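For reference, the structure discussed in these notes is given below.
The values are calculated or read from the model by the stated rules, or taken from the named source; none is laboratory data. Keep in mind it's a predicted model, so treat the numbers as computed, not measured. We place every Cβ from the backbone using ideal geometry, glycine too, and count neighbours over all the protein chains shown. Please note that ligands, DNA and RNA were not included when accessible areas were found on the heavy atoms of the full protein model with its side chains. Shrake-Rupley method; radii C 1.70, N 1.55, O 1.52, S 1.80 Å.
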Amino acid sequence: MQNLITDVGFGDVKFLSDGVPQKFPTIIIPEPVTSSGIDFGEGTAQVYEHAGLRYIAGNDAIAAIKGGAEGGNIQRNTTWLVGRMPILTQHAAYLAGIEDLKETKLTIGLPLGDFRALEGRVKEVLLPHFADVTVLSQGVGILADHVSRHETPGSGTILDVGFGTAIVLTYQNGKPTRAGSRQYTGKGLSEAAKRLKNRIHGLVGTDIALAEANGYIVQGGGLFRYAGKEIDLTPHIREALASYTEELVNLLMSNHDTALNRENTIILAGGGAYHVERYLSESYDGEVIVPPAPEFANVRGYGYLVNGR
């Protein structure tokens, strides 16, 4: 029996393959009508059947979109995500070299605020494909990853910054606590991307897609050209990240001040950690701990929990 450990996020799907973390973008599109046998750049795209339709996912989907394919769904809500987990997890299994899903145990994460409501639904949509499905909470994986690397994990607050959500989880002596733990939907890195998007509109009078703005955030800079104008986005990205992080810190201090002041430690993880670490350290007086490759902290922690301590 094989194990597939996944963390399906709004921006990327992270998974463990032979203990090595990998990821692909959370993008699926219907199979282009002329795609049979077409090379999307790295071999023929893998196709997945779901609800009577055929889909391609990840980098194959991006390559097809760049080639003119249409029909991509850019919704970023939990209902959308759960409904497409069969496609995304099958693609993760394919990239991990897993051939027999019915001989595979799947572990997958859900945002903290959606866990109770959607755990059963996640199992319902995935059990037809896999031998067994275990659903864990995002944030708990980050804590498990922290515990796996520290003999004395201590106490503090976990801040998991994804694309769409920011999740706060408090812990005492390496154990999660219910008090003070919360999910902030719509307060992920997409908030910084919205600020940059609005800034670009103010400078040149044109709208860009949120995904494009987020791409500039991830790159940390870039030139934006429009109607003969050329703008260096680097200072505007810094401004967007600084104002977003300040709002995030104010949110934390308003709702979690007891834990933050008592323990004075934040474990910052998730894909947004790379981009807000500097600004969080400037805004927060306590210790900020960023684990290695922070976007993979949840999936590493899930692997630690599944494989035993």
For L241, solvent-accessible area (1.4 Å; no DNA, RNA or ligand), Å²
10 Å²
Can you give the net charge of the other residues whose Cβ lies under 15 Å from the Cβ of R195, counting K and R as +1 and D and E as -1?
-1
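First measure r as the distance between the Cβ atoms of A211 and Q22, then evaluate 1/(1 + (r/R0)^6) with R0 = 22 Å and state the FRET efficiency to the nearest 0.05.
Values: r = 21 Å, r/R0 = 0.96.
In this case the efficiency is close to 0.55.
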Remind me, relative contact order of the range 158-219 in percent, using alpha carbon pairs under 8 angstrom and six or more residues apart?
25 percent
In whole percent, and with a 1.4 Å probe on the protein chains, what portion of the accessible area of the chain is carbon and sulfur?
47 percent
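How much net charge surrounds I87 when only the other residues with a Cβ under 12 Å from the Cβ of I87 are counted, with Lys and Arg +1 and Asp and Glu -1? Write down the numbers at each step before the final one.
Numbers: positive: R54, R84; negative: E31, E49, D60.
Residues close to I87 contribute a combined charge of -1.
Send over the Kirkwood Rh of the chain, from the inverse of the averaged 1/r over different Cα pairs, rounded to one decimal Å. Mind dumping the intermediate values first?
Details: mean 1/r = 0.0491 Å⁻¹.
After inverting the mean inverse Cα-Cα distance, the result is 20.4 Å.
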For L268, the residues 5 or more places away or on another chain with a placed amide H closer than 5 Å to its own amide H are L159, I289, V290
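Report the calculated FRET efficiency for S254 and L203 (r = Cβ-Cβ distance, R0 = 30 Å), to the nearest 0.05. Working shown, then result.
On the way: r = 32 Å, r/R0 = 1.06.
Step by step, r from the Cβ atoms, then E = 0.40.
Can you figure out the FRET efficiency of S148 with T44, using R₀ = 41 Å and their beta-carbon distance, to the nearest 0.05?
Details: r = 39 Å, r/R0 = 0.94.
The calculated FRET efficiency here is 0.60.
In percent, what relative contact order does the range 204-280 have, based on Cα pairs under 8 Å that are 6 or more apart in sequence? Walk me through the numbers before you get to the answer.
On the way: 40 pairs, mean separation 20.2, N = 77.
Relative contact order comes out at 26 percent.
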Local electrostatic count, S181, Cβ distance below 14 Å [Lys/Arg +1, Asp/Glu -1]
+1
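Would you mind classifying the range 124-203 by shape? Square roots of the alpha carbon gyration tensor eigenvalues, ordered a ≥ b ≥ c; an a/c under 1.5 is rounded, otherwise it is prolate if a/b is larger than b/c and oblate if not.
On the way: a/c = 2.72, a/b = 1.36, b/c = 2.00.
Since a/c reaches 1.5 but b/c is at least a/b, the shape of the range 124-203 is classed as oblate.
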Quick check on my link table: of K105/K187; K23/K197; K123/K187; K23/K187, which ones sit more than 24 Å apart, alpha carbon to alpha carbon?
K105/K187; K23/K197; K123/K187
Given the Cα-Cα distance of T234 and E119 and 0.36 nm per residue of separation, how much length would full extension add, in nm?
37.3 nm
Sort out the exposed loop GluC sites (Glu not before Pro) in the chain (DSSP loop, at most 11 other Cβ within 10 Å) and tell me the longest stretch that has none.
152-309
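Please state the shape class of the range 257-309: rounded when a/c is under 1.5, otherwise prolate if a/b exceeds b/c and oblate if not, all from the C-alpha gyration tensor. Walk me through the numbers on the way to the answer.
Numbers: a/c = 3.53, a/b = 1.58, b/c = 2.24.
It is oblate, given that a/c is not under 1.5 and a/b is not larger than b/c.
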